[in-house]
Amino acid sequence: MKRIGVLTGGGDAPGLNAVIRGVTVKGAQLGYQILGFRLGWKGMLEKDYEELSLEKVEDIHRRGGTILGSSRTNVAKVPDGFEIVKRNLEELDIYALIAVGGDDTLGVAKRLHEEGGRVVGVPKTIDNDVGATDYTFGYDTAINRVMEALDRLHTTARAHQRVIVVEIMGRDAGWMALEGGMAGGAHVILIPEVPFKIDDVCEVVNGRYGPGKSNYAIIAVAEGAKNPEVDEKLKEFGAPVDDFGHVLRTKMKVSLAQALAEIIEERTGRETRHVVLGHLQRGGDPSAFDRVFATRLGLKAVEMVEAGQFGMMAALRGTEIVAVPLEEALKESKTVPERRYEEARAFFG
Ligand code: F6P
């Protein structure tokens, strides 16, 4: 019986279990034995795996997280990492590997393919920033979480006539802040792709206060949104800086939302609070869209193995799941285009 290996790497995303189930069910139908590697590339390096049976994957598409676990292990950083992976694949007699992950995991998959491995990719990330696919699974669930959080924050902010700054995940791509913010009716949305001015934010805030007005404001800010004054404030809070004095945003132990909230309060005189949604956006069970989307990706990945479409990734184009080269997907990360931000801007204020 031919064997297919499957692994899930990087930050988890709701829908990973649906992919695993899709792979296992389709694999069984086509006569493959499926081995699931634990903790992403770590399990592949350490030959840590389990056989996936139909019983094991029954109903798991309804659950968040991943039954295989995940890690950010990078094979390229391990001495002879690719040699070890190739040897393990051979020793375990694995015909092909399905790697489910974001650009880091898929980057390793691409390199493995270049080194002769038979690999198929499946794009995953709540950030929705993988190229060559219209969406990544996990994103729909995550922006629904953002929307629900904003819905709740509106009522308390309005009751207290406060400003609330809500920090949303997204280091380099602002999709979650943009679409979660639009769905949840944020009064300003700040994303990494468009550097912002604090005075513009304060102007919107002040414009919402006065007789006959709502007298509260919700600011949705992506964790990677950029502004030099916020960076100064972060330094005051003890954020780490590099040799050039730039704030090391990836190593911050203080939140951008807190820094921004303090500046807004100082400048507008309006009582301001902040909330960091953090991993609440990633945890929990997938939406119907993500369950179906991720299932279809899993089915397609096995069909791609059967068709010998290696070095390729299953992707959503319109309503169809198609095979695209990993190279195309990884050329550049998919960020928010100017015109999409302009659409959102129409509702600021
Ligand atoms: O890539 C997904 C993501 O959730 C990003 O939005 C976020 O910046 C990062 O992962 C957080 O990573 P970790 O779970 O390792 O803190």
Residue 183, sole failed condition from (1) within 14 Å of the ligand (Cβ to nearest atom); (2) in contact with a helix residue (DSSP H, G or I) (Cβ under 6 Å, 6 or more places away or on another chain); (3) of a type in the set (Gly, Ala, Ser) | (1)
Is it the case that the range 147-157 has a residue that's over 30 Å from residue 31 (Cα atoms) and within 16 Å of the ligand (Cβ to nearest atom)?
-> yes
Wholly within the range 1-83, strands (runs of 3 or more DSSP E) carrying at least 2 residues that are closer than 17 Å to residue 295 by Cα | 3-8, 33-37
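Here is a yes/no grid of residues against (1) within 16 Å of the ligand (Cβ to nearest atom); (2) among the aromatic types (Phe, Trp, Tyr); (3) under 30 Å from residue 185 (Cβ atoms):
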position: 91; (1), (2), (3): no, no, no
position: 104; (1), (2), (3): yes, no, no
position: 109; (1), (2), (3): no, no, no
position: 131; (1), (2), (3): yes, no, yes
position: 142; (1), (2), (3): yes, no, yes
Mind counting the residues in the range 222-269 that are touching a helix residue (DSSP H, G or I) at 6+ places or on another chain (Cβ under 6 Å) and of a type in the set (Lys, Arg)?
-> 2
Tally of residues being surrounded by fewer than 23 Cβ atoms within 10 Å (Cβ to Cβ) and within 19 Å of residue 341 (Cα to Cα) across the range 219-240 = 3
When you look at residue 257, is it touching a residue at least 60 places away in the same chain (Cβ under 8 Å), within 16 Å of the ligand (Cβ to nearest atom), within 20 Å of residue 157 (Cα to Cα) and in contact with a Gly (Cβ under 6 Å, 6 or more places away or on another chain), yes or no?
-> no
Which is part of a strand (DSSP E or B), among the small types (Gly, Ala, Ser) and in contact with a Pro (Cβ under 8 Å, 6 or more places away or on another chain), of 314, 294, 323, 329?
-> 314
Any idea how many residues of the range 93-102 are more than 12 Å from the ligand (Cβ to nearest atom) and crowded, with 24+ Cβ neighbours inside 10 Å?
-> 4
Are there any pairs, at least 6 apart or on different chains, whose C-beta atoms fall under 7 Å, with the first in the range 152-165 and over 19 Å from residue 262 (Cβ atoms) and the second part of a strand (DSSP E or B), and if so, which?
-> 154/218
Just a yes or no: is a residue in the range 114-128 out of contact with any Ser or Thr (no Cβ under 7 Å at 6 or more places or on another chain), acidic (Asp, Glu) and within 16 Å of the ligand (Cβ to nearest atom)?
-> yes
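Can you tell me which residue among 182, 176 is in a helix (DSSP H, G or I) and farther than 18 Å from residue 279 by Cβ?
Details: 176 fails: farther than 18 Å from residue 279 by Cβ.
Step by step, each of 182, 176 is checked, and only 182 is in a helix (DSSP H, G or I) and farther than 18 Å from residue 279 by Cβ.
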Verdict on residue 172 being within 16 Å of the ligand (Cβ to nearest atom), surrounded by fewer than 23 Cβ atoms within 10 Å (Cβ to Cβ) and either over 18 Å from residue 200 (Cβ atoms) or modelled with pLDDT of 95 or more (or both) | yes
Looking at the range 260-306, which of its residues are crowded, with 22+ Cβ neighbours inside 10 Å, small (Gly, Ala, Ser), in the same structural domain as residue 123 (by TED's automatic domain parsing) and away from the ligand (no atom under 16 Å from the Cβ)?
-> 298, 301
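Residues are listed down the side, and each one gets a yes or a no for (1) surrounded by 20 or more Cβ atoms within 10 Å (Cβ to Cβ); (2) modelled with pLDDT of 95 or more; (3) closer than 19 Å to residue 122 by Cα; (4) in contact with a strand residue (DSSP E or B) (Cβ under 8 Å, 6 or more places away or on another chain):
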{"residue": "22", "(1), (2), (3), (4)": "yes, yes, yes, no"}
{"residue": "32", "(1), (2), (3), (4)": "yes, yes, yes, yes"}
{"residue": "37", "(1), (2), (3), (4)": "yes, yes, yes, yes"}
{"residue": "51", "(1), (2), (3), (4)": "no, yes, no, yes"}
{"residue": "57", "(1), (2), (3), (4)": "yes, yes, yes, no"}
{"residue": "61", "(1), (2), (3), (4)": "yes, yes, yes, no"}
{"residue": "65", "(1), (2), (3), (4)": "no, yes, yes, no"}
{"residue": "69", "(1), (2), (3), (4)": "no, yes, yes, yes"}
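For the range 307-325, does any single residue satisfy the condition of being of a type in the set (D, E, K, R) and assigned by TED's automatic domain parsing to the domain that holds residue 20? Show your work before the answer.
Within the range 307-325, the subset of a type in the set (D, E, K, R) is 317, 320.
When the remaining residues are screened for being assigned by TED's automatic domain parsing to the domain that holds residue 20, the result is 317, 320.
Scanning the range 307-325 turns up at least one residue that is of a type in the set (D, E, K, R) and assigned by TED's automatic domain parsing to the domain that holds residue 20.
The values are calculated or read from the model by the stated rules, or taken from the named source; none is laboratory data. Predicted model, so just to flag it, every value in this text is computed and none were measured. Backbone-built Cβ (ideal geometry, glycine too); neighbour counts: all protein chains shown.
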